[in-house]
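Take a look at the structure below.
Computed from the coordinates by the stated procedures, all read-outs in this text should not be read as laboratory data. This is a predicted model, so every value here is computed, not measured. As a convention, Cβ positions derive from the backbone with ideal geometry for all residues, glycine included, and neighbour counts pool all protein chains shown.
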Amino acid sequence: MYFSRTHSAEIARSDTIAPTPMNPASSLLPLPDFYERVLVITAHPDDAEYAFGGTIGRLCAEGSEVHYLVCTDGSQGGEDPHEASAALTAIRYAEQRTAAELFGVDSVTFLGLPDGTLTPTLALRRSLVEAIRRVRPRLVLTHQPLRSLEYPIGASHPDHLAVGEAALGAVYPDARNPRAFPELLAAGLGPHRVTEVWVPGHEHTDFFVDVGPYHERKIAALMCHASQFRTSVDPRADVAWVVERMRGFGDRAGCGYAEGFKRIVTDTATAPGPVRAGHERSGAS
């Protein structure tokens, strides 16, 4: 399956990655359901690994078809003002493909929008609707659209907020509405209802995914983004906070390592409320 890559009116074939076989761990707290197809919508190369890496590793291992959609070109992700943007973008795209391959992600697509410039425009929403209708995921993983005043400021990068807002608008109402973006319908991309959206919970966290052994794969995937650690003496030490956060969520979930989200079930009349993997409320999914 391929997404479209849309930038400056260009349509191009996405980069496809062959899955890497992995053995699922049977001892993990169960997920609410099996998610046949998953779409991960992020702002930058490396966002998927930071926000969802353990969960992506687990989903791939348990048989989900996982696709990435990265909205920007990553060209502001460097500290050398003299480095050519196109060169940095090429490096970051290659790093993202390598990290995705480590998990066994099925495809990676880049919209190629200029890093640091995103707002939740109708044009961005349309691109996300197109991706959703092509992939037809049951689950979307994307950014939190609300600025956190409790978590470190980097969690609320303006591009993250823009993608989170655009993605939720694409999920509802646009992707499921046959009257939204009629040109997509004319191109054979019919309506699709996404069942669930998980965003980093920050102070709204109400759902935990037991990532067990996949916490190590998450760190290995982060190390694939070498351009982000060029001045580091010890890149693994620089991301020790990621491991500590997974341990903290694990303590709350009753397991060793977990990732924490706000879980949005799109067709329920009320929010599912605080739950953890393996402890679902009746009718929550």
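Is the C-alpha gyration tensor of the range 58-137 telling us rounded, prolate or oblate? Criteria: a/c under 1.5 is rounded; beyond that, a/b larger than b/c is prolate, otherwise oblate.
oblate
What list of ³J(HN,Hα) values in whole Hz, one per residue of the range 118-125 in order, does the Karplus curve 6.51 cos²θ - 1.76 cosθ + 1.60 (θ = phi - 60°) give from phi, with Gly and Pro shown as x?
For the range 118-125, the Karplus curve yields 6, 9, x, 7, 4, 5, 5, 4 Hz.
Taking the number of other C-beta atoms within 10 Å as the exposure measure, put Cys255, Cys60 in order starting with the fewest.
Cys255, Cys60
Taking K and R as +1 and D and E as -1, what net charge do the other residues with C-beta under 14 Å from the C-beta of Leu122 add up to?
Here the charged neighbours net out to -2.
Quick one: net charge around Thr195, please, counting Lys, Arg +1 and Asp, Glu -1 for every other residue with C-beta under 12 Å from its C-beta.
Residues close to Thr195 contribute a combined charge of +2.
How would you rank Leu222, Leu185, going from fewest to most other Cβ atoms within 10 Å of each one's own Cβ?
Starting with the residue having the fewest Cβ neighbours, the order is Leu185, Leu222.
Estimate the FRET efficiency between Thr121 and Ala90 by the formula 1/(1 + (r/R0)^6), using the beta-carbon distance for r and 30 Å for R0, to the nearest 0.05.
My answer for the efficiency is 0.70.
Would you please classify the overall shape of the range 199-260 from the alpha carbon gyration tensor, given that a ≥ b ≥ c denote the square roots of the eigenvalues, rounded means a/c under 1.5, and beyond that prolate means a/b larger than b/c while oblate covers the rest?
prolate
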